[in-house]
1. Every residue in region 89-110 that is of a type in the set (Gly, Ala, Ser) and crowded, with 17+ Cβ neighbours inside 10 Å, please.
2. Would you pick out the residues in region 34-61 that are under 11 Å from the mean Cα position of the chain (by Cα) and not aromatic (Phe, Trp, Tyr)?
3. Mind listing whichever residues of region 111-129 are open to solvent by 20 Å² or more (accessible area, probe 1.4 Å) and part of a loop (DSSP other than H, G, I, E, B)?
4. Return yes or no: is Thr139 open to solvent by 30 Å² or more (accessible area, probe 1.4 Å) and either in contact (Cβ under 8 Å) with a residue 24 or more places away in the chain or among the β-branched types (Val, Ile, Thr) (or both)?
5. Within region 62-79, which residues are surrounded by fewer than 17 Cβ atoms within 10 Å (Cβ to Cβ) and over 21 Å from Trp121 (Cβ atoms)?
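The values are calculated or read from the model by the stated rules, or taken from the named source; none is laboratory data. Predicted model only: the values in this text are computed from it and were never measured. When we count neighbours, we look across all protein chains shown, and the Cβ atoms used for this are built from the backbone with ideal geometry, even at glycine. Just so you know, the surface numbers come from the protein's heavy atoms only, side chains and all, with ligands and any DNA or RNA stripped out. Shrake-Rupley method; radii C 1.70, N 1.55, O 1.52, S 1.80 Å.
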Amino acid sequence: MKYLILLVCAVVCSLLPAAEPFRIQVKTDNPGTSTSTQFTLPLAPGETYDFTIDWGDGAVESIARFTDTWTNPTHTYAVAGTYTISISENTATSGFPHIYFEYGDDRLKLLQLVQWGAVHWTSFNSAFTGCENLVITATDHATAHTGTVT
């Protein structure tokens, strides 16, 4: 009986839709602190992260860290260009709590917020501050997980 229950759970879980990722579009050769073939994802100081990032060129990376002990993740692309980056949490809640451009880093490389997705936000403090090229085209704002944002 125990195995039947596990089998049913496995089948049901495999049929559930996957959580949608947070998606942004970047242009690597816009001005920024990284090179013209790189993008640096700014994480907020003092936050704990556990997420998977698809850099939009076939490279996928799992990141788990406390930001006060690590540098922001930077990806190098084969060629400069425009890429759509997808971020999915590896935990049930708050695996990607806060993006933090705050007038710095690669803020001018951020072109578009494509999808809010199913990440559980805890703060938007300085999240997109200074992102002068940012256009928000996401239409899923009504279902964004913002209940714990202070």
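1. Initially, region 89-110 is screened for residues of a type in the set (Gly, Ala, Ser), giving 92, 94-95, 104.
If the condition is that a residue be of a type in the set (Gly, Ala, Ser) and crowded, with 17+ Cβ neighbours inside 10 Å, then Ser94, Gly95 are the ones that fit.
2. First, the residues of region 34-61 that are under 11 Å from the mean Cα position of the chain (by Cα): 41-43, 49-55.
If the condition is that a residue be under 11 Å from the mean Cα position of the chain (by Cα) and not aromatic (Phe, Trp, Tyr), then Leu41, Pro42, Leu43, Asp50, Thr52, Ile53, Asp54 are the ones that fit.
3. Residues of region 111-129 that are open to solvent by 20 Å² or more (accessible area, probe 1.4 Å), as a first pass: 111-112, 114-116, 118, 120, 122, 124-126, 128-129.
If the condition is that a residue be open to solvent by 20 Å² or more (accessible area, probe 1.4 Å) and part of a loop (DSSP other than H, G, I, E, B), then Trp116, Ala118, Thr122, Phe124, Asn125, Ser126, Phe128, Thr129 are the ones that fit.
4. On the way: open to solvent by 30 Å² or more (accessible area, probe 1.4 Å): yes; either in contact (Cβ under 8 Å) with a residue 24 or more places away in the chain or among the β-branched types (Val, Ile, Thr) (or both): yes.
For Thr139, the condition - open to solvent by 30 Å² or more (accessible area, probe 1.4 Å) and either in contact (Cβ under 8 Å) with a residue 24 or more places away in the chain or among the β-branched types (Val, Ile, Thr) (or both) - is met.
5. Listed by number, the residues that qualify are Thr69, Thr71, Thr74, Thr76, Ala78, Val79.
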